[in-house]
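K.L.:
Let me give you the structure first, and then I'll get to my questions.
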């Protein structure tokens, strides 16, 4: 029984570390790809989470706020990943991407990193 508890604790710790590292990777200032210039004073966005109901990755102003969160977040994500994939506009407080923003699958603007 103790061996099972240790294995379970290790599995939970590994899953937590993976989740934290994914959100840290997602936290970044947006830059111009060609010269590395930081845009929008380095503002960030609310954390992206996967919404199983829609199959989209969403960043909502009710999600965990990442360091440097600022009012330019919606425009930055639209410029970086394309139009909001669910309810267009910032009125619902969310931006939805088709694929994980951590990868390059939904990066529709190669000029922005």
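Readers should treat all values here as calculations from the given coordinates under stated rules, not as data from a laboratory. Computed from a predicted structure; not experimentally measured. Here the Cβ positions follow ideal geometry from the backbone for every residue, glycine too, while neighbour counts run over all protein chains shown.
K.L.:
Please give the contour-minus-distance gain from residue 87 to residue 64: 0.36 nm per residue of separation, less the Cα-Cα distance, rounded to one decimal in nm.
P.N.:
Extending this stretch completely gives an extra 6.3 nm.
K.L.:
Calculate the spin-label point distance for residue 99 paired with residue 32, positioning each point 7 Å from the Cα along the beta-carbon direction, and give it in nanometres.
P.N.:
According to this spin-label approximation, the distance is 2.7 nm.
K.L.:
Roughly how many Å is it from the Cα centre of segment 71-113 to that of segment 38-56, as a whole number?
P.N.:
7
K.L.:
Please find the FRET efficiency linking residue 50 to residue 111, where r is the Cβ-Cβ separation and R0 is fixed at 22 Å, and quote it to the nearest 0.05.
P.N.:
After rounding, the FRET efficiency stands at 0.25.
K.L.:
Among 104, 77, what is the fewest-to-most ranking by other Cβ atoms within 10 Å?
P.N.:
Fewest-to-most Cβ neighbours within 10 Å comes out as 104, 77.
K.L.:
Hey, fewest Cβ within 10 Å first, where do 34, 29 land in order?
P.N.:
Starting with the residue having the fewest Cβ neighbours, the order is 34, 29.
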